[in-house]
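S.K.: Quick one: this structure, given as structure tokens, is what I'll be asking you about.
FYI, it's all coordinate maths here, none of it is from the lab. Since the model is a prediction, treat every value here as computed from it, not as a measurement. Cβ atoms come from the backbone with ideal geometry, glycine included; neighbour counts cover every protein chain shown.
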Amino acid sequence: MKEYKNVHILDHPLIRHKVALIRDKNTNTKQFREIICEIATLMAYESFKDVPTQEIEVETPLERTKQTVVKENSVAIVPILRAGLGMVDGILTLFPAAKVGHIGLYRDKHTLEPHEYYCKLPKNIEEKVVMIVDPMLATGGSACDAIKLLKARGCKRIKLMSIIAAPVGVEKVAETHPDIDIYVSTLDRCLNENGYILPGLGDAGDRIFGTK
Ligand code: PRP
Ligand code: URA
């Protein structure tokens, strides 16, 4: 795959370890959910390095001091339903006050085109850093639609976090939206004839919610 300035591969050994566990078909629903959440926390730690900050004054037992904290109301998390929901709690661990929006998209089984069925976003989302989350970036169609929708609402600082990505999907998002930072933990080999990532982990939504 070509190199893109806006694509960041977060392949910390701890993340790699957890990704190996969720790929395993013998990992059950409970374990899968927990690990997806943990990976999201680890990825958030790195991908929010440039989170907006503000200075506050703090009184220690000894003196007053100026300190830097995360700017209030500056972050929104937007999971792509369904599978993105599995990553939300992991990020809220680090940003408990973040607002959460939801974009519902499903891929048509035959065309692999995304279809929107739900959208509810926080007030003033255009003023926030918006992190779209979805564990799987396959053709890139769903991510591109979500980004387009957020841009149409006036969002200017959008990021995308996916755990496993296919090169073709990363290329599509990186080239369509060069202004978006894309964070993935693993670049897999390719897509199969049904649009599933190989080696991948199967259907993330089904594995999180136990629907298969
Ligand atoms: C999966 C996944 C992404 C999308 C990725 O969702 O969670 O949203 O496919 O594929 P793409 O990059 O080719 O668009 P799916 O449509 O299966 O819906 P679900 O989460 O409700 O199972
Ligand atoms: N969606 C998934 O859940 N898994 C894939 O491999 C591709 C799209």
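S.K.: Give the angle, between 0 and 90 degrees and rounded to the nearest 10, that separates the Cα long axis of helix 167-176 from the longest principal axis of the Cα atoms of the chain.
M.R.: Approximately 50 degrees, to the nearest 10.
S.K.: Something else: Can you pull out the GluC sites (Glu not before Pro) in the range 59-148 that DSSP calls coil and that have at most 14 other Cβ atoms within 10 Å? Before the final figure, lay out the partial values.
M.R.: Values: sites: Glu59, Glu63, Glu72, Glu116, Glu126, Glu127; in loops: Glu63, Glu72.
When the GluC sites (Glu not before Pro) of the range 59-148 are filtered for loop state and at most 14 Cβ neighbours within 10 Å, Glu63, Glu72 remain.
S.K.: Set the Förster radius R0 to 25 Å, insert the Cβ-Cβ distance between Val58 and Ala97 as r into 1/(1 + (r/R0)^6), and round the FRET efficiency to 0.05.
M.R.: Working: r = 18 Å, r/R0 = 0.72.
Calculated transfer efficiency: 0.85.
S.K.: Between Ile163, Ile180, Ile80, find the one with the highest GNM mean-square fluctuation for the chain; connect C-alpha pairs within less than 10 Å.
M.R.: Its mean-square fluctuation being the largest, the pick is Ile180.
S.K.: Right, another one. Would you order Thr29, Thr111 from fewest to most other beta-carbon atoms within 10 Å of each residue's own beta-carbon?
M.R.: On the way: Thr29 13, Thr111 10.
Neighbour counts put them in this order, fewest first: Thr111, Thr29.
S.K.: If you take every DSSP beta bridge whose two residues both sit in the range 1-143, what share of them, in percent to the nearest 5, is antiparallel?
M.R.: Details: 13 of 22 bridges.
Among the beta bridges of the range 1-143, antiparallel pairing accounts for roughly 60 percent.
S.K.: Separate question: As a test of the formula, what do you get for the chain when each DSSP H run with n ≥ 4 contributes -39,500 (n - 2.57) and the sum is divided by the residue count, at 222 nm and rounded to the nearest 500 deg cm²/dmol? Mind dumping the intermediate values first?
M.R.: Working: 6 runs with 66 residues, N = 212.
Taken over the chain, the calculation gives -9500 deg cm²/dmol.
S.K.: If you average 1/r across every pair of different Cα atoms in the chain and take the reciprocal, what Kirkwood value do you get, in Å? Please report the intermediate quantities before stating the final value.
M.R.: Values: mean 1/r = 0.0567 Å⁻¹.
Result for the chain stands at 17.6 Å.
S.K.: Name the residue, out of Leu150, Leu62, Leu14, whose mean-square fluctuation peaks in a Gaussian network model built on the chain with Cα pairs under 10 Å.
M.R.: Maximum fluctuation in the GNM of the chain, among the listed residues, is at Leu62.
S.K.: For the chain, set up a Gaussian network in which alpha carbons nearer than 10 Å are linked by springs, and say which option among Ala83, Ala97, Ala138 fluctuates the most.
M.R.: Maximum fluctuation in the GNM of the chain, among the listed residues, is at Ala97.
S.K.: Place +1 on the Cβ of every Lys and Arg and -1 on the Cβ of every Asp and Glu in the chain, take the dipole about the Cα centre, and give the residue among Leu42, His17, Cys190 whose Cα lies farthest towards its positive end.
M.R.: Farthest along the dipole direction, towards plus: Cys190.
S.K.: On to the next question. Over the Cα atoms of the range 126-212, each weighted equally, I'd like the Debye log10 I(q)/I(0) at q = 0.17, 0.21, 0.27 Å⁻¹, rounded to two decimals.
M.R.: -0.68, -0.96, -1.33
S.K.: Quick check: Cα centre of the range 2-25 to Cα centre of the range 169-212, how many Å?
M.R.: First find each Cα centre; the distance between them is then 11 Å.
S.K.: For a quick check: with amide H placed at 1.01 Å from N, whose amide H comes under 5 Å from Leu81's, ignoring anything fewer than 5 positions away on the same chain?
M.R.: For Leu81, whose amide H was placed from the backbone, the distant partners under 5 Å are Ile103, Gly104, Leu105.
S.K.: Compute the FRET efficiency between Thr68 and Ile9 as 1/(1 + (r/R0)^6), taking r as their Cβ-Cβ distance and R0 = 25 Å, and round to the nearest 0.05. Can you show the working numbers first?
M.R.: Numbers: r = 28 Å, r/R0 = 1.10.
FRET efficiency, Thr68 to Ile9: 0.35.
S.K.: Taking Lys212 as the anchor, which lysines have their alpha carbon closer than 28 Å to its alpha carbon, excluding any fewer than eight residues away along the same chain?
M.R.: Answer for Lys212, where 28 Å is the Cα cut-off: Lys18, Lys25, Lys30, Lys109, Lys120, listed by chain and number.
S.K.: Please arrange Arg64, Arg189, Arg207 by how many other C-beta atoms lie within 10 Å of their C-beta, fewest to most. Write out the running numbers ahead of the final one.
M.R.: Values: Arg64 8, Arg189 11, Arg207 22.
Fewest-to-most Cβ neighbours within 10 Å comes out as Arg64, Arg189, Arg207.
S.K.: Per-residue HN-Hα couplings for the range 125-133, Karplus 6.51 cos²θ - 1.76 cosθ + 1.60 at θ = phi - 60°, whole Hz, x for Gly and Pro?
M.R.: 4, 5, 8, 10, 7, 10, 9, 7, 10
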